Amino acid sequence: MLKRKITIMKLLIFLLSTTLLIQAKEIKHKIIIGAIEKVHLLDVNMVLKARIDTGAKTTSIDAREITPFERNGVKWVRFTCVNGNKSKTIEKKILRTVEIKRHGTKSQNRYVIEMNVMLGTVSRLIQVNLNNRKSYVYPVLIGRNFLRNSFIVDVTLKRPK
């Protein structure tokens, strides 16, 4: 009986150490970022402060004067990105509309487009939803669709000022 317990214990230790080794290898290839970072919206050539939110599925950007229209029978949207006293109007094809559930208030429908976003050295073409974030502290919210497989978030790090 004692021999069997020792064998089971050895097996558990082996499995645990193997799991930790695999996790260590995965972590080694990821970039550690803080709760607040600067991101570059390549489509509008703007660098903005972003809140990193692992609870958000999709990335959201501050878009003002959001106006849907049709071009050759396809739904498009025109919006303005604002960074301080600089602004840039951009037109993108609408991929879909998403319903965003919000705490303490009613759900909101938002347009989803594709944009090139860069954080550090990682650049991705991702889906972002458009929202007037004027009343928010950070004009960009980075969600899991950008973070997946490349980043580890250390919430104690808050870099940009």
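For this structure, a couple of remarks:
- Test: residue in the stretch 21-36 that is of a type in the set (Gly, Ala, Ser) and at pLDDT 90 or above: yes
- The residue that is surrounded by the fewest Cβ atoms within 10 Å (Cβ to Cβ), among those in the stretch 126-139 that are modelled with pLDDT of 95 or more and hydrophobic (A, V, I, L, M, F, W, C), is 126.
- Scope the stretch 73-108; condition in a strand (DSSP E or B), among the charged types (D, E, K, R) and over 24 Å from residue 47 (Cα atoms); matching residues: 75, 96, 99
- Scanning the stretch 73-88 for residues that are among the β-branched types (Val, Ile, Thr) and closer than 20 Å to residue 136 by Cα, we see that the one that is surrounded by the fewest Cβ atoms within 10 Å (Cβ to Cβ) is 80.
- Boolean, residue 85 is over 28 Å from residue 154 (Cα atoms), of a type outside the set (Val, Ile, Thr) and out of contact with any Phe, Trp or Tyr (no Cβ under 6 Å at 6 or more places or on another chain): yes
- Residue that is at pLDDT 95 or above and loosely packed, with under 10 Cβ neighbours inside 10 Å, where the choices are 91, 70, 65, 99: 70
- Of the residues making up the stretch 109-149, just one is in contact (Cβ under 8 Å) with a residue 40 or more places away in the chain, part of a loop (DSSP other than H, G, I, E, B) and within 11 Å of the chain's Cα centre (by Cα), namely 143.
The values are calculated or read from the model by the stated rules, or taken from the named source; none is laboratory data. Keep in mind that this is a model prediction, so the values were computed, not measured. No Cβ is skipped: glycine too gets one built from the backbone with ideal geometry, and neighbour counts run over all protein chains shown.
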